[in-house]
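Worksheet for the structure shown next.
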Amino acid sequence: MINIPKIFRQDDSYSAKIVLPLLPLRDIVVFPNMVAPLFAARSKSVHALADAMNKDKNVFLATQRKPGVDTPRKEDLCLVGTVGTILQLLRLPDSSVKVLVEGKYRAKIMQFVPNELFFQVEVQPIDEPKVVTSKDIAIARAITESFAEYANLNKSISKDLLNNVSSISNPNQLADTVSAHFNFKITDKQRLLESFQLTERLNLLLQLIKSEIEIYKVEQNIKTRVSDQMQKTQKNYYLNEQIRAIKKEMGVEEDTADMDDLDKRIKRKKMSKECLTKVRQELKKLKMMTPLSAEATVVRNYIEWLISLPWYEKSKIRDDIKEAEKNLEEDHYGLEKPKERILEYLAVQSLMKKVKGPILCFVGPPGVGKTSLAKSVAKATGRKFVRLSLGGVRDEAEIRGHRRTYIGAMPGKIVQSLKKVGTNNPVFCLDEVDKMSMDFRGDPSAALLEVLDPEQNYSFNDHYLDIDYDLSDILFITTANTLPDIPLPLQDRMEIIRLSGYTEEEKLNIAKIFLVPKQIKANGLEGKNIEFLDDSILRVIREYTREAGVRNLEREIATICRKTAHEMVKNKNDFHALQIAPDLIEKHLGPPHFKQSQLEEKDYIGLVTGLAWTQVGGELLAIETLPMPGRGEVIITGKLGDVMKESARAAVSYVRSRADRLMIDNKFYKKLDLHIHLPEGAIPKDGPSAGISMCTSIISALTKKPVFRDVAMTGEITLRGRVLPIGGLKEKILAAHRGGIKKVIIPKDNEKDLKDIPVTVSAQIEIITVTHMDEVLTHALILKENETLFDEKENIPFEIMASEIKSQTTPTILSTSLN
């Protein structure tokens, strides 16, 4: 028994307060006179029980408001609980504790006592009502009768418990005992615990018991109804079988036209041996079923899917390489690498009867023609074309299908698309493969691993079909905007072909050959002698679009055609031989959206033009540095990522280490703050390739020497001033060309990538390769006549210093045995 001080006993008022350890409870409310086994694994709970065992074994039991909270705070605990005594405590091998507690009396938390190891609270015991009215006795009897009624319905209530409840005469004890043995909601049990007035508590308990009885009766009615329905279904099946037997005995043939039709279709259909065996088993099962039953519908749909799939139906593949090359050139301008790879595949196909379909992945910015190139491949090879967009797909079942155990199950999109196209060797375009995601339903990119592996996809197993299907004859082409968003195992199964942005000349030719005729026809201007001048198209490209592809260019051309058609209809004039001159462009499209050139009007100090790669191609990146009186703080703004911030700090460290050589006050970092800013602050920026640009900007600001405005640069910088290679060189140089840059500084190690730069671009831009930051400064900073950039006395590169130190020092051999 719990030792309650005299002032806490039943015949006195519970006015004093006591301090106890608190044990938070989940999914349980402990009532007075209730014995409950509990498991404690949380650190605070274990420490609270240990403290109670070391003292008088008393603990305050409080229920959490949200059972899912692993680390409850003060506000997560109910203020009213039960003071209990620990009867038994067992420590388990996993450091958790099993404890048996007995509730004694209600109490309320008055305040939390500070304790880092566990919750410790000061509680106020709650008086149990001493006066019992005749109304309370009447309600208590009703509760006893209702409990007996519930026990009669629910056979899980033991007779011993029923006898025990019936023998309780104290209404307080009766209410707590019944409340403890009913499966009420936790919130309802807490309401009962917090009901201090006896009449209120008894009324609430009676109401909850009545509600439980009604719910239990409804559940029993539902179970009875379901059982009756099942018996009725079995009865109908038995009667149908009897009718079938009677018809057979009388010689009356059943109408089997539908089954015969299915049988004929199966015989005509050429399919794999496994599929044929499966479909005959399912047909035999279908014949034994009631036609209108739900299971018969499922089986019938499954058979229809197996029959309708193209198991051996193929398109005849063209092996005329010249004709294929002609088709590719007609549909697309440029894109030499993808065209060359397709022609290589056709050449091998013409020499061999069976070639595994290649898995190609076209990676490039939006609007460069990835999806349309896949269509052209189908046209050039004589295959049918099917496209599946994977953007936003997050369910594995979209690829593999659902198992037939689910209601409304269907095959995956791969099998559905093959049924639609009707052949098993189409060009299959998986569009936006980098836009997939995953959730609790699975990872679709993992399901694609089997689809896109030539060594495995000959036996692709769809969950719905549950038999192997050969995908090895399909020419899979995937498209993506960015490679890093594609999982590495999936990249390993594909041949990556990069499609970079178009040059200005390529856009002009694409517009003249493809876009303008297409939009003239689409807007009803065909045969009206509408002509777009080259200068007009160039103005649209330079002033109204800024993209790697031609999607926006096509939209602007379509707008001009619509405006022209509107004027033609409005003025009832045919506009024969109308030329779209450059001066009409602004009339139709409004003010220019972009400047023709992004160059500054003059050369500035601390302002450098860098080069950046984006998903839509390359961009010019302005970098500004401003020195201010201060204490050496480096401020970096412009929504930069961690890598770019680290590049800025590396650039500052390099400048500090070379201050004497650059004739900069070597104490500048103590006197000045440097603010490095990249404009367009709402756009996120990251990567190391702006290292030399930020370093040049810092040096320009500190030396007061301006930077050539027509010079752009890209490259990563090290603390020793070395210039390291970067990626996306072609897109960056194309951006420099679009922006009117005359000179581009790149790392020496990127010289191998210059072969990808179009000749028309490289002829108009001077490309300088560098290995060290000193070379960058020589080409970027503007010097006055007879002005020098470096202090020659300090011209000691780090590599030379290291070699001199090494030659002057006698090497010390450590006495370490390698044997």
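The values are calculated or read from the model by the stated rules, or taken from the named source; none is laboratory data. Because the structure is predicted, anything quoted here is derived from the model rather than measured. No Cβ is skipped: glycine too gets one built from the backbone with ideal geometry, and neighbour counts run over all protein chains shown. For the accessible areas, the whole protein counts, side chains as well, though only heavy atoms, and no ligand, DNA or RNA atoms are used. Shrake-Rupley method; radii C 1.70, N 1.55, O 1.52, S 1.80 Å.
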All but one of (1) open to solvent by less than 10 Å² (accessible area, probe 1.4 Å); (2) farther than 23 Å from residue 403 by Cβ hold for residue 351; state the number of the condition that does not hold.
(1)
Single unsatisfied condition, residue 341 versus (1) more than 30 Å from residue 502 (Cβ to Cβ); (2) surrounded by fewer than 19 Cβ atoms within 10 Å (Cβ to Cβ)
(1)
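One line per residue, one yes/no per condition, for (1) open to solvent by less than 60 Å² (accessible area, probe 1.4 Å); (2) under 30 Å from residue 451 (Cα atoms); (3) aromatic (Phe, Trp, Tyr):
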{"position": "468", "(1), (2), (3)": "no, yes, no"}
{"position": "472", "(1), (2), (3)": "yes, yes, no"}
{"position": "492", "(1), (2), (3)": "no, yes, no"}
{"position": "503", "(1), (2), (3)": "yes, no, no"}
{"position": "511", "(1), (2), (3)": "yes, no, no"}
{"position": "519", "(1), (2), (3)": "yes, no, no"}
{"position": "553", "(1), (2), (3)": "yes, no, no"}
{"position": "566", "(1), (2), (3)": "no, no, no"}
Given the structure, is residue 7 open to solvent by 10 Å² or more (accessible area, probe 1.4 Å), at pLDDT below 90 and not in a loop (DSSP other than H, G, I, E, B)?
yes
Take segment 526-551 and flag every residue that is open to solvent by 80 Å² or more (accessible area, probe 1.4 Å) and under 13 Å from residue 507 (Cβ atoms).
551
Out of 478, 482, which single residue is among the β-branched types (Val, Ile, Thr) and at pLDDT below 85?
482
Is it true that some residue in segment 421-430 is open to solvent by less than 60 Å² (accessible area, probe 1.4 Å), in contact with a Phe, Trp or Tyr (Cβ under 7 Å, 6 or more places away or on another chain), more than 21 Å from residue 342 (Cβ to Cβ) and not aliphatic (A, V, I, L, M)?
no
Residue 443 being surrounded by fewer than 18 Cβ atoms within 10 Å (Cβ to Cβ) and out of contact with any helix residue (DSSP H, G or I) (no Cβ under 8 Å at 6 or more places or on another chain)
yes
Kindly indicate the residue of segment 605-644 that is of a type in the set (S, T, N, Q) and at pLDDT below 90 and also surrounded by the most Cβ atoms within 10 Å (Cβ to Cβ) among those meeting that condition.
614
Look at segment 256-315 and say how many of its residues are part of a helix (DSSP H, G or I) and either open to solvent by 30 Å² or more (accessible area, probe 1.4 Å) or of a type in the set (Gly, Ala, Ser) (or both).
30
Name the pairs whose Cβ atoms lie under 7 Å apart, with the first residue in segment 650-665 and on the phi < 0 side of the Ramachandran plot, the second surrounded by fewer than 19 Cβ atoms within 10 Å (Cβ to Cβ) and in a helix (DSSP H, G or I), and 6 or more positions between them or separate chains?
659/668; 660/794; 661/794; 662/703; 664/703
Being crowded, with 17+ Cβ neighbours inside 10 Å, at pLDDT below 80 and not hydroxyl-bearing (Ser, Thr, Tyr) narrows 318, 244 down to just 318
Got a sec? Which strands (runs of 3 or more DSSP E) wholly within segment 51-132 have at least 2 residues that are farther than 17 Å from residue 29 by Cα?
80-91, 97-113, 120-125
Residue check: is residue 187 buried (at least 18 other Cβ atoms within 10 Å of the Cβ), in a helix (DSSP H, G or I) and under 56 Å from the mean Cα position of the chain (by Cα)?
no
Sort out which residues of segment 374-403 are acidic (Asp, Glu) and in contact with a Leu (Cβ under 9 Å, 6 or more places away or on another chain), and write them in order of number.
398
Which listed residue, of 372, 389, is under 17 Å from the mean Cα position of the chain (by Cα), surrounded by fewer than 17 Cβ atoms within 10 Å (Cβ to Cβ), at pLDDT 85 or above and within 29 Å of residue 327 (Cβ to Cβ)
389
If a residue counts only when it is among the acidic types (Asp, Glu), which strands (runs of 3 or more DSSP E) contained entirely in segment 359-448 have at least 1 such residues?
427-431
From the list 232, 210, 155, which residue is open to solvent by 80 Å² or more (accessible area, probe 1.4 Å), over 47 Å from the mean Cα position of the chain (by Cα) and under 18 Å from residue 139 (Cβ atoms)?
210
Among the acidic types (Asp, Glu), in a helix (DSSP H, G or I) and closer than 30 Å to residue 540 by Cα: which single residue out of 731, 751 fits that description?
731
Hey, residue 380 hits all of (1) within 27 Å of residue 618 (Cβ to Cβ); (2) open to solvent by less than 10 Å² (accessible area, probe 1.4 Å); (3) modelled with pLDDT under 85; (4) not β-branched (Val, Ile, Thr) but one; which does it fall short on?
(1)
Condition set surrounded by fewer than 19 Cβ atoms within 10 Å (Cβ to Cβ) and among the polar types (S, T, N, Q), scope segment 666-711, selection modelled with the highest pLDDT: answer is 703
